[in-house]
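Asks: Supplied in structure tokens, the structure appears directly below.
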Amino acid sequence: MTRIQEKFQELKHRKQKAFIPYITLGDPDLETTHQLVLELEKSGADIIELGVPFSDPLADGPVIQRASERALRNGFSLKKGLKMVSEVRKQTALPLVLFSYYNPLFAYGLPALAKEARASGIDGFLITDLSVEEAQVPVGLIKEMGLDAVFLAAPTSTEERIEKIARFSSGFIYAVSRTGVTGMQKSISEEVRPLVDRIRAHSTLPVAVGFGISEPGQVQQIGRVADGVVVGSAIVRSIEENLGNPHLTERVGDFTRWLKGGG
Amino acid sequence: MINLNLDQLPDAQGHFGPYGGKFVPETLMHPLEELEQAYLKAKNDPAFQAELDRLLREYSGRPTPLFFAQRFSEHLGGAKIYLKREDLNHTGAHKINNCLGQGLLAKRMGKKRVIAETGAGQHGVATATVCALLNLDCEIYMGEEDMRRQELNVFRMQLLGAKVHRVSSGSRTLKDAINEAIRDWVTNVRHTYYLLGSVLSSHPYPVMVRDFQSIIGREAREQVLAQEGRLPDLLLACVGGGSNSIGLFYSFLKDQNVAMVGVEAGGRGKALGEHAARFNGGKPGILQGTYSYVLQTEEGQIANTHSISAGLDYASVGPEHAYLHDLGRIRYTAVDDGQALEAFHLLSQLEGIIPALESAHAVAESMRLAPGLGRGRIIIINLSGRGDKDVQTVSQLVSGP
């Protein structure tokens, strides 16, 4: 069993939901990312999504676009990112998901990457622009290494597509709360519950919901419907607001605890 | 000799050999399936084809002439050069062929709102034009840098009733305009039609745009047979995304004796970031929905590009081109900014035809190749657009900064 699968099982026994923050690797630098992973764990993260910066993040809103730009300006490379992961792995057992557009992974070479990701302590991959239609080979390589492959399901996904997504996914399924790019929203879309129900009809995997979640009330609301909740832009914005602040990690930790409803 | 089985290209998932396919966020996957179904239905509907034919003829002015450029040919002292006059289309470029087709399709699909990206502004203008004609709401995404280079086209789009969104992210050119258009589409996908301007992005766009542009080659084939009694020896076209070139080449792909050269933008140097020659410095990768040749860093970050012509200034190229390149069916070469400018001047002076800077790249390649071919040989250049939009850019270059 992977760390992701163990985590969801453990949470299920405790009747708790997974709280899954997203941060961009190397935003603003890898040392900060290292500190943030540890801080997020202390602040109640159950799983962390680590985003690979990309020059053309077409599924992301402005907040995560700017995070990518900061990381790339500061000389991010996937090799350095994995090295940081292997260091932080010595200090935490938290499941870590590599969240990326396909091209940076493809350029690295997926066979080598899957192996090195596993060695450094990554537990799963989520590739935003990899449709299940194109996923046969990459998912084979990922699963061969004993890692999870997480796929997105969207409100526009048909039953037929959800069935395929369920077949390719392991660890959990990521339900996109609404049509659109990543970013904060004032209210939770009414499309969430029907989508989660439709996924459950095709899969016994845990379902985490993300996109647009930025307040404690929304985190609670999603927790009543799904097995996990992903918060990205709100946390990345908290990083952005504290750039240059020597207490950046603590501030992001405070914000994360507030979001989770514990602080 | 390769045997191209055109009926099997692309496969059901939009693959041209290893290239193409669908690489978009899940939210867009079913909408792409719907688009494909709607397109296939329209393609086989005689009423749709009749309406498209009527608009191409009565609105855009097709067929465009195939013109023998006698003075230009004599000046070069080699092959006979014909120009396929796509610049004589309504709105001044080949882009309208695709916009009329997709505009009618949007209408059939019941979408009231159309969005598009534009580089040089030609596709934006053609989209805005067709939306005015068909009573569709129109919003265009354009990079800040391109808006500066093509100020007049921005005003033309506004005049036609379109809203133009300034894109200030990344390199502020075509690639960033496409990112922004996709972000809009993924948000408003249920009621918005994305009218993509080239043979790029996910299936079915590369095949659909090719089909709408292939009228160029169908006409050229008939015309050259009527005017010369035989097929040409060589076809030349510039390649940005690759729609005007595949439009001309497609009907000749099975004619093994017809050579084809796609001309990319050599920009101002060979270093990454200084040009847009994907087949001369790029490698296969995934950008904006498709797998094709991409100018990128070792790390898989997309490179900036440069060309004097905004329409060729893009980091990737249509997947069908990638496949035809690997097969060796089409040869790809690059012409730099200076050579394109020289061709721009020469064709203007010898034929009274001011070519778009994009098309001037293909004209420049003919200046290299024609002298080496015998006098009996025939070249067809796709003159994809007229140069009025570029007059200001060129005048600034001539008079110095």
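Asks: Tell me whether chain A comes out rounded, prolate or oblate; compute the Cα gyration tensor, take square roots of the eigenvalues as a ≥ b ≥ c, and use a/c under 1.5 as the rounded threshold.
Replies: Note, shape of chain A comes out rounded.
Asks: Net charge within 12 Å of residue A:195 by Cβ-Cβ distance, Lys/Arg positive one each and Asp/Glu negative one each, not counting residue A:195 itself?
Replies: Net local charge, residue A:195 excluded: 0.
Asks: Let me check against my output: what whole-number percent is the relative contact order of chain B, with C-alpha pairs under 8 Å and at least 6 apart?
Replies: 20
Asks: Just to be sure I understand: with springs between alpha-carbon atoms less than 10 Å apart, which residue in B:243, B:251, B:198 has the highest mean-square fluctuation in the Gaussian network model of chain B?
Replies: Result for chain B, Cα springs under 10 Å: B:251 fluctuates most.
Asks: A further question follows. Could you grab the relative contact order for the range A:3-260? Cα pairs under 8 Å, six or more apart, rounded to a whole percent.
Replies: 22
Asks: Right, something else. Per residue in the range B:139-186, which ones lose no less than 50 Å² of accessible surface when going from chain alone to all protein chains (1.4 Å probe)?
Replies: Residues losing area: B:183.
Asks: If you don't mind, there's one more thing I want to ask. Please report the net charge: other residues with Cβ closer than 13 Å to the Cβ of residue B:140, K and R +1, D and E -1.
Replies: Local charge sum for residue B:140: -1.
Asks: Name the residues of the range A:161-177 whose accessible area, probed at 1.4 Å, falls by at least 50 Å² once all protein chains are in place instead of their chain on its own?
Replies: A:161
Asks: Longer than 31 Å from Cα to Cα, which of B:22/B:389; B:107/B:389; A:83/B:270 are they? Say none if no pair is.
Replies: Numbers: B:22/B:389 34 Å; B:107/B:389 29 Å; A:83/B:270 33 Å.
From the list (B:22/B:389; B:107/B:389; A:83/B:270), the Cα-Cα distance tops 31 Å for B:22/B:389; A:83/B:270.
Asks: What number comes out for accessible area per residue over the range B:175-308 if the probe is 1.4 Å? Units Å², please.
Replies: That works out to 27 Å² for each residue.
Asks: Could you please put B:95, B:163 in sequence from largest to smallest accessible area, using a 1.4 Å probe?
Replies: B:163, B:95
Asks: Carbon and sulfur: what percent of the range A:3-260's accessible surface (1.4 Å probe)?
Replies: Percent of accessible area from carbon and sulfur atoms in the range A:3-260: 50.
Asks: Considering only protein heavy atoms and a 1.4 Å probe, what is the carbon-and-sulfur percentage of the accessible area of chain B?
Replies: The C+S portion of the solvent-accessible surface of chain B is 50 percent.
Asks: Next question, about the same structure. Interface A/B, total buried accessible area with a 1.4 Å probe, nearest 100 Å²?
Replies: 3000
Asks: May I ask you to find the residues of the range B:287-307 that are shielded by at least 30 Å² of accessible area once the whole protein assembly is considered instead of their isolated chain (probe 1.4 Å)?
Replies: So the qualifying set is B:299, B:300, B:301, B:302.
Asks: No other cysteine beta carbon under 4.7 Å away is the test; run it over chain B and list who passes.
Replies: Cysteines of chain B left without a disulfide-compatible partner: B:99, B:238.
Asks: Report the antiparallel proportion of the DSSP beta bridges in the protein assembly as shown as a percent, rounded to a multiple of 5.
Replies: Counting DSSP beta bridges with both partners in the protein assembly as shown, the antiparallel share is about 20 percent.
Asks: Can you tell me which aspartates and glutamates have their Cα less than 17 Å from the Cα of residue A:12? Leave out same-chain residues fewer than eight positions away.
Replies: Here the aspartates and glutamates satisfying the reach criterion relative to residue A:12 are A:46, A:227.
Asks: While we're looking at this one, here's another question. Quick one: accessible surface of residue B:156, probe radius 1.4 Å, all protein chains present, in square angstrom to the nearest 10.
Replies: 70
Asks: Still on this structure: Please report, in Å, the Rg and the Dmax of the range B:147-257, where both are computed over Cα atoms only.
Replies: 17.9, 53
Asks: Quick one: accessible area per residue over the range A:3-260, 1.4 Å probe, rounded to a whole number of Å²?
Replies: 37
Asks: Work through the residues other than residue A:92 whose Cβ is under 11 Å from its Cβ and net out their charges, Lys, Arg +1 and Asp, Glu -1.
Replies: +1
Asks: Here's something else I'd like to know. Express in whole angstrom the spacing between the alpha-carbon centres of the range B:256-322 and the range B:46-112.
Replies: First find each Cα centre; the distance between them is then 25 Å.
Asks: Please check: in the Gaussian network model of chain B (C-alpha springs, under 10 Å), which one of B:46, B:232, B:63 has the largest mean-square fluctuation.
Replies: Highest fluctuation of the listed residues: B:46.
Asks: Evaluated at 4 °C with a viscosity of 1.567 mPa s, what Stokes-Einstein diffusion coefficient in µm²/s does the protein assembly as shown have when Rh comes from the Kirkwood expression over alpha-carbon pairs?
Replies: In µm²/s, the coefficient is 50.
Asks: Measuring with a 1.4 Å probe in the full set of protein chains, what accessible area per residue, in whole Å², belongs to the range B:1-98?
Replies: 43
Asks: Let me ask something else about it. Could you list, bin by bin from short to long, the percent of Cα-Cα pairs of chain B in 10 Å steps?
Replies: Distribution as computed: 5, 25, 36, 26, 7, 0 percent.
Asks: In terms of solvent-accessible area of protein heavy atoms at a 1.4 angstrom probe, what is the ranking of A:41, A:240, B:358, highest value first? Could you put the intermediate results ahead of the total?
Replies: Values: A:41 70, A:240 45, B:358 20 Å².
Heavy-atom accessible area, descending, gives A:41, A:240, B:358.
Asks: What 222 nm value per residue comes from the helices of chain A, counting each DSSP H run with n ≥ 4 as -39,500 (n - 2.57) and dividing by all residues, nearest 500 deg cm²/dmol? Can you show the working numbers first?
Replies: Numbers: 12 runs with 126 residues, N = 263.
It comes out at -14500 deg cm²/dmol, rounded to the nearest 500.
The values are calculated or read from the model by the stated rules, or taken from the named source; none is laboratory data. What you see is a predicted model; the values in this text were computed from it and never measured. Don't worry about glycine lacking a Cβ; one is built from the backbone with ideal geometry, like all the others, and counts go over all protein chains shown. To get the accessible areas, we keep the full protein, side chains included, count just its heavy atoms, and leave off ligands, DNA and RNA. Shrake-Rupley method; radii C 1.70, N 1.55, O 1.52, S 1.80 Å.
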